[in-house]
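*Asks:* Supplied in structure tokens, the structure appears directly below.
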Amino acid sequence: MGLPVGAGAGGIVRIRIRCGSQRYLATPARYLRASFKGDASYPPAHSLVALVKPRASLTRPVAASPMKRAKSYWVYGTLKPRHASGSTVGTLQCYRYYSGGWHKAKTVFALKAKDRSTYSRYGAWVRLPRSGRWKIRAYHADAGHAATHSAWRYITVR
């Protein structure tokens, strides 16, 4: 007997049970319970109820590289599924490389969504205060979706 293990790509949730697996589309977030009717070898069983949230899809942020230190640049990408236009949909996490490692240096809040037909576009103005190597990713979490982040965008700041 197994529990829902989470939403994968495309919002598909795989629930593993002794007799195989079942797939469910988990859009929007929903509570699921696995049940087994029983057979000659095993008695009936039910799992605990689990809240399963699908992940939103975030593209790698688009940003200029190289950037000039202390100058603002528009950084943007896409978010699926579509969110309400003008809503705050997440943050941009900015890391700087120094002393042999990546260190979180800045978080830009208030990514605003713009509606498209099947997706939303997120974006924010970013100003990186120091020269060097940087990486930026988008982060999204809301009541209907599990926490998700995009791939990194590597940037040189001069």
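The values are calculated or read from the model by the stated rules, or taken from the named source; none is laboratory data. These figures come from a predicted structure and were not determined experimentally. Here Cβ is always computed from backbone atoms with ideal geometry, including for glycine, and neighbour counts include all displayed protein chains.
*Asks:* Go through 137, 133 for me and flag whichever is farther than 29 Å from residue 84 by Cβ, out of contact with any Gly (no Cβ under 9 Å at 6 or more places or on another chain), part of a strand (DSSP E or B) and touching a residue at least 24 places away in the same chain (Cβ under 8 Å).
*Replies:* Residue meeting the stated conditions: 133.
*Asks:* When you scan the stretch 65-110, how many residues do you find that are charged (D, E, K, R) and either assigned to a strand (DSSP E or B) or not assigned by TED's automatic domain parsing to the domain that holds residue 129 (or both)?
*Replies:* Total meeting the criteria: 4.
*Asks:* Can you find a residue that is surrounded by 13 or more Cβ atoms within 10 Å (Cβ to Cβ) and farther than 20 Å from residue 143 by Cα anywhere in the stretch 77-88?
*Replies:* Within the stretch 77-88 (the criterion being surrounded by 13 or more Cβ atoms within 10 Å (Cβ to Cβ) and farther than 20 Å from residue 143 by Cα), the answer is yes, since at least one residue qualifies.
*Asks:* Here is a list of conditions, (1) of a type in the set (D, E, K, R); (2) at pLDDT below 95; (3) exposed (fewer than 11 other Cβ atoms within 10 Å of the Cβ); (4) within 20 Å of the chain's Cα centre (by Cα), and residue 53 meets all of them except one; can you say which number that is?
*Replies:* All conditions pass for residue 53, except number (3).
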